[in-house]
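> Got a structure for you, written out below as structure tokens; questions coming shortly.
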Amino acid sequence: MDAKRPFMRLKELHIHFQKTLAALYDREEVNNFFFMLCQAFVNVTRVQLALRPDLEVTEQDEQRFREALSSLERETPIQYIIGEAHFYDLLFEVNEHTLIPRPETEELVDWIKSDLQDIGLQKPKIVDIGTGTGCIAISLAHLFSDALVTAIDISAGALETAYRNAEKNKVKVSFIQKDILAVAPNDADLGKYDVVVSNPPYVRELEKQEIKNNVLLYEPDTALFVSDDNPLIFYNKISDFAFEHLQPGGILYFEINQYLAEETKLLVASKGFKEVSLRKDIYGNYRMLKAIKK
Ligand SMILES: C[S@@+](CC[C@H](N)C(=O)[O-])C[C@H]1O[C@@H](n2cnc3c(N)ncnc32)[C@H](O)[C@@H]1O
């Protein structure tokens, strides 16, 4: 950078990003990071940048870009740098207390949406267990404005974030801090529901080697990992909870570990659920389960 000039061109910053990050990320990924930062920090879109390559940023903004660059070098996820992630057409605050919402979870929300639209239930009562950012609960509350939505998490930090996300997206969700593994069957805070949904922790320790640093180093362990010797611990407990707390005809939805799809299906069926079905994500992996309580 030219030390005498107070402003730096975005184009030069872009080239600097490409050079600095070339060994860590592919070119297209760096482009995407840079465009996301331009949008978040200086409100410049990708198209505006293409049309106006001479656009400049102030020293203060340049400093923000440089800090973001250092974070990217340390493999911090771009969503944590910007502090936001998109999910099902809504924007969610994300931070070190929350998992970054994933596209496969959008597919789960999509499944619930089309089922609830088909059923046409008035004021469906929904509970989301392990809510994180609140992405599932808040999207469903946004899609079904008369729904009564409850969201549970063990993490106070996640719940505070989810609460802000509900306000930001102008929906009403009741948040409850609880350890679902320790919930008693007759817990007075928890009533009857038409839908129980959960994307619980399901990654085994033995799968850690498949996981990239940006996830391993930054996303919360409590959101991700389970032990190798009891990987379905959450599915076991939440299925029991759901069987107890679902109305007759109520539906349980899970996001699942693709490597444990059959085992998860057998476990859920063993709890007394009927019509337990698996669904593949767009990549052809079994990532979702649905079970009906007759
Ligand atoms: C895989 S993340 C899912 C977050 C969010 N629902 C999503 O789909 O992006 C699992 C969530 O479960 C929460 N969690 C972990 N252990 C829990 C427990 N024992 N009781 C309740 N929630 C728990 C974590 O804090 C985390 O937010």
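The values are calculated or read from the model by the stated rules, or taken from the named source; none is laboratory data. Note that the structure is a prediction, hence the values are computed from the model and not measured. All Cβ positions, glycine included, derive from the backbone under ideal geometry; neighbour counts span all protein chains shown. Each accessible area value is taken on the protein alone, full model and side chains, heavy atoms only, with ligands, DNA and RNA left out. Shrake-Rupley method; radii C 1.70, N 1.55, O 1.52, S 1.80 Å.
> Do you know which residues across the range 229-255 are under 30 Å from ILE78 (Cα atoms) and either of a type in the set (Asp, Glu) or more than 9 Å from the ligand (Cβ to nearest atom) (or both)?
Applying the first criterion (under 30 Å from ILE78 (Cα atoms)) to the range 229-255 yields 231, 234, 253-255.
Residues satisfying the conditions are PRO231, TYR253, PHE254, GLU255.
> Working carefully through the options ALA162, ALA182, ALA151, ALA141, find the one that is small (Gly, Ala, Ser), without any contact (Cβ under 8 Å) to a residue 12 or more places away in the chain and assigned by TED's automatic domain parsing to the domain that holds PRO231.
Testing whether each residue is small (Gly, Ala, Ser), without any contact (Cβ under 8 Å) to a residue 12 or more places away in the chain and assigned by TED's automatic domain parsing to the domain that holds PRO231 leaves just ALA182.
> Against the definition (open to solvent by less than 60 Å² (accessible area, probe 1.4 Å) and either farther than 27 Å from LEU217 by Cα or within 15 Å of the ligand (Cβ to nearest atom) (or both)), how does ILE136 come out, yes or no?
Judged against the criteria, ILE136 is a match.
> Here's a check for you: in the range 160-177, which residue that is open to solvent by less than 40 Å² (accessible area, probe 1.4 Å) and not polar (S, T, N, Q) is farthest from the ligand (Cβ to nearest atom)?
Quick first cut of the range 160-177, residues open to solvent by less than 40 Å² (accessible area, probe 1.4 Å) only: 161-162, 165-166, 169, 171, 173, 176.
Cutting the leftovers down to not polar (S, T, N, Q) gives us 162, 166, 171, 173, 176.
Numbers: ALA162: 9, ALA166: 13, VAL171: 15, VAL173: 12, ILE176: 10 Å.
Once the filter is applied, the top-ranked residue is VAL171.
> Would you confirm whether or not the range 183-201 contains a residue that is within 10 Å of the ligand (Cβ to nearest atom) and open to solvent by 90 Å² or more (accessible area, probe 1.4 Å)? Talk me through it step by step, then tell me what you get.
Taking the range 183-201 and keeping what is within 10 Å of the ligand (Cβ to nearest atom), we get 183, 197-201.
After this cut, where a residue has to be open to solvent by 90 Å² or more (accessible area, probe 1.4 Å) as well, the list is none.
No, every residue in the range 183-201 fails to be within 10 Å of the ligand (Cβ to nearest atom) and open to solvent by 90 Å² or more (accessible area, probe 1.4 Å).
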